[in-house]
């Protein structure tokens, strides 16, 4: 049996140490436990799985309060079965924007979960792309932000281009940092909480702050076009979600995301 041609969810199943949340717990109790926009909290009503709560659903939401009970906002994600091929797993993670998906049997009983980390580890272990593999990059060009670009413009760019991370460049167009939508969640929440008329000036001041005040200066970079295997290894070892490709002068050329790696797996034949 060739794992590369017969691989299914059964090879990726996780059944232990799954963090479960009761449907009567609140969003405020869950979000601090999640570390990226692609995470998911698995919500149960007793033993019955009723859906997930993911930060990707709420980063830009303005009407959801932290005291909202999970049973009101849990959404049913794509459901996997033990015989789901891993290419389909990658496709569903990519299209749902959730990197942790439930595995159910034919009677919809909860069996466990599978994760993007397990998927990538499997691809590396069984050399799904040999020792290399060409990454299928997004068709979009690289979008960057200058250090002095106002926060409002960066948020608008993320929304317009449907991107979650933007490299930040200095006055010489060299890489200076990176900003992720998920890292801005507290700022967005603060802005929403200052939306009343009597605090309009405070809200405006926050939105006009330069993005350099919010960016991360530590950026993982490579100065070559990595293969699938190389990018996958680096992201797993460093526990990061993206790699910025730069030239010898530190000018950003492109960015490799976990989404690009998922797309590469999903379209493998």
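Just so you know, all these numbers are worked out from the coordinates, no wet-lab data involved. Just so we're clear, the structure is a prediction, and the values are computed from it rather than from any experiment. Positions of Cβ are backbone-derived with ideal geometry, glycine not excepted, and every protein chain shown enters the neighbour counts.
Values computed for the structure shown
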{"item": "Shape of the range 145-266, Cα gyration tensor, a/c cut at 1.5", "result": "prolate"}
{"item": "Ranked by how many other beta carbons lie within 10 Å on average, peptides 237-247, 35-45 from highest", "result": "35-45, 237-247"}
{"item": "Counting DSSP beta bridges with both ends in the range 145-266, the antiparallel % (nearest 5)", "result": "75 percent"}
{"item": "Residue 185-residue 171 pseudo-label distance in nm [points 7 Å out on the Cα-to-Cβ vector]", "result": "3.6 nm"}
{"item": "Potential lengthening between residue 22 and residue 249 on full extension [0.36 nm per residue; Cα-Cα distance subtracted]", "result": "76.6 nm"}
{"item": "Value of [θ]222 nm, deg cm²/dmol, for the chain, DSSP H segments ≥ 4, -39500 (n - 2.57) each, nearest 500", "result": "-8000 deg cm²/dmol"}
{"item": "The range 96-138 and the range 6-82: distance between their alpha carbon centers, rounded to Å", "result": "17 Å"}
{"item": "Options (1) 14.5; (2) 15.6; (3) 17.0 - which one matches mean projected area of the Cα convex hull in nm² as calculated here", "result": "(2)"}
{"item": "For the range 59-151: rounded, prolate or oblate by the Cα gyration tensor [a/c cutoff 1.5]", "result": "oblate"}
{"item": "Contact order normalised by residue count of the range 1-118, Cα under 8 Å, 6+ apart, percent", "result": "31 percent"}
{"item": "Potential extension, residue 64-residue 156 segment - 0.36 nm per residue separation minus Cα distance", "result": "31.1 nm"}
{"item": "Taking the chain and dividing mean pair separation by its residue count, relative contact order in percent (alpha carbons under 8 Å, at least six apart)", "result": "18 percent"}
{"item": "Label-to-label distance, nm, for residues given as residue 220 and residue 124 (7 Å Cα→Cβ offset)", "result": "0.9 nm"}
{"item": "Residues of the range 172-187 with amide N under 19 Å of a point placed 7 Å along Cα→Cβ from residue 146", "result": "172-179"}
{"item": "The range 78-219 shape via C-alpha gyration tensor axes, a/c threshold 1.5", "result": "oblate"}
